[in-house]
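Peer 1: My questions all concern the structure below.
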Amino acid sequence: MTGGRAHSKTPVAILIAILLVSAAFLFFDRTAMPIQLWDESRNIVNALEMRARGFSLVTSYDGAPDLWNTKPPLLIWLMAGSVALFGPQSWALRLPSMIAALGTIALLFWFVRRTTGSVATAALAAALLVLSPAFFGEHSARTADYDALLLFFITAYLCLLFAALETDRPARALLGLIGVAICCAFLTKSIAALVPGVGVVVYVAVTGRWRRLFATRGYLVTGLGVAGTLLLFLAVREWQGPGYLHAALFNDVNGRFGSSLVLAKPRWFYFELLRAGFFAAGPLLLLSPIALLAARGRVRQVLLFALCIVAATLAVFTCAASKLDHYILPAVPFMAIAAALTCQLAIAQARAALGGEARYARPVAAALLIVAIVPVATGVAAAVARRYYVAGVAEGARSGHYGTLFDRIVPLADRPILVIDPGFVADEPNYTPVLLAYREIWAARGVAVAHSTNLADTERTRRRILASCDAAAVPRVAARGRDIGGVSGCAAVALN
């Protein structure tokens, strides 16, 4: 009896260990990561303004309704709530994304453990997710972007859908959870939440499980509930801020799929990303369709389901006009599942070869072990190198220095602070979202930091601290006196 209890606790202990190691890998650095330009800084402004003005369906930027960022407000609500609990800190603004990232790891482990019965395969799948640059890079686990929260809800509803499709008459509670997860995914990032669901349609068609959709009214009721909830949100949001639907249709649908809102990318952009290491174990993913031929039973169904999700997501976003790295992030947990199952099958085949009497059993077993182990080992090494030793140069990186600069000069300030920064985005003059995010953080702490786009307007300024991290303005600010900031690439001068 005692041994049985100890055995039942083993997966939980392993999951806790995985989450602790993952948190250390993802979130702990010697210095705080600066606020990122796309789209973290704007989300932070949305959240801090909502915190100051009260919760609403309408997000704002620089005091005006935000029709440039038309994503639904669930993430912004969570960020504002986190700030209400923990104060205006950058880590508090990122906390919802961090929790969602760990939640996705736990979901993945639970799903693979439940469907395959293998703790080792579940642990490997979770590890491959964490070690993928897609997951620990920009727009995911470590920043206040939509994608980590979106990934959690998408992974939840896809895993629950698989469980539902494996039974003739799924429980109402299960279908209810699926509906809630789909609604939350949509309220996080709009239409992007529904794209991976195309893979479920493919899976249902391939396996013939579509008949189960009509065996109970539960699926219809769930679908109607989801549709009604989303339509209600859109109607109320448009009523509270007219023009939202038109802007959202352009920003989130027409401008993403019909035309490009970003710099044009080649047709096979996402396949080039995978070849370059966007996912930690690309060779195993590439071999997973072959592994499908050797898979049997539940393992085969899980592998097929994962491959349908991956293939459908890649196909949809490959056909879309707008292409950015993080668009295919929802497929990455299912890439990890496919790769982990391929590794498990290769090891099982190697054991079978060694147990047989075939002439070339040992060379075959050795080859299979190489196929299983080498991609994982190289993925670990590449992830550690990229996470700790490869310095990425993000767009707008100079504006991220304002965080360090303000941390140093605000405690010393005995007079108002004025920042000189003209902005840098050509099609939107004076656009400084990172600077505005740091100004809002300090405003929430009770310190007002003023901003001017032109140093010439301040020639007669007295009794202020002039500061800038803009490349053109820094030399002119530095010429006005002794630097008191000590931040490379920036200048701060106290004027008497």
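Peer 1: Is the C-alpha gyration tensor of region 54-152 telling us rounded, prolate or oblate? Criteria: a/c under 1.5 is rounded; beyond that, a/b larger than b/c is prolate, otherwise oblate. Don't skip to the answer; put the middle values down first.
Peer 2: On the way: a/c = 2.58, a/b = 2.45, b/c = 1.05.
It is prolate, given that a/c is not under 1.5 and a/b is the larger ratio.
Peer 1: Now for a different question. Cα gyration tensor of region 152-298, axes a ≥ b ≥ c as square roots of the eigenvalues: rounded (a/c below 1.5), prolate (a/b > b/c) or oblate? Please list the in-between numbers first.
Peer 2: Working: a/c = 2.52, a/b = 1.08, b/c = 2.33.
Note, shape of region 152-298 comes out oblate.
Peer 1: With the Cα gyration tensor of region 397-494 giving a ≥ b ≥ c as the square roots of its eigenvalues, does the rule (a/c under 1.5 for rounded; else a/b larger than b/c for prolate; else oblate) give rounded, prolate or oblate?
Peer 2: rounded
Peer 1: Sort by residue number and report every cysteine in the chain with no other cysteine beta carbon within a distance under 4.7 Å.
Peer 2: 159, 183, 184, 308, 319, 343
Peer 1: Using a 10 Å cut-off around each Cβ, can you sort 360, 244 from fewest to most neighbouring Cβ atoms?
Peer 2: Ordered from fewest to most neighbouring Cβ atoms within 10 Å, 360, 244 come out as 360, 244.
Peer 1: Report, in deg cm²/dmol and to the nearest 500, the calculated mean residue ellipticity at 222 nm for the chain, where each DSSP H run with n ≥ 4 adds -39500 (n - 2.57) and the sum is divided by the residue count.
Peer 2: About -19500 deg cm²/dmol.
Peer 1: Can you pull the three principal axis extents for the Cα set of region 98-209, in Å, largest first?
Peer 2: Ordered largest first, region 98-209 gives principal extents of 40, 35, 26 Å.
Peer 1: Sort 402, 61 so that the residue with the fewest other Cβ atoms within 10 Å of its own Cβ comes first and the one with the most comes last.
Peer 2: With the fewest neighbours first, 402, 61 line up as 61, 402.
Peer 1: Name the residues whose placed amide hydrogens come within less than 5 Å of the amide hydrogen of residue 61, ignoring near sequence neighbours (fewer than 5 apart) on the same chain.
Peer 2: Hits under the 5 Å cutoff: 66.
Peer 1: Please give every one of the aspartates and glutamates within straight-line cross-link reach of residue 71, meaning a C-alpha to C-alpha distance under 19 Å, and leave out same-chain neighbours fewer than 8 residues apart.
Peer 2: Those aspartates and glutamates meeting the cut-off are 39, 40, 49, 62, 138, 145, 147, 238, 252, 325.
Peer 1: Please arrange 362, 94 by counting, for each residue, the other beta carbons lying within 10 Å of its beta carbon, fewest first.
Peer 2: 362, 94
Coordinate-derived values only; no laboratory data. What you are looking at is a predicted structure, and each value in this text was computed from that prediction instead of being measured. As a convention, Cβ positions derive from the backbone with ideal geometry for all residues, glycine included, and neighbour counts pool all protein chains shown.
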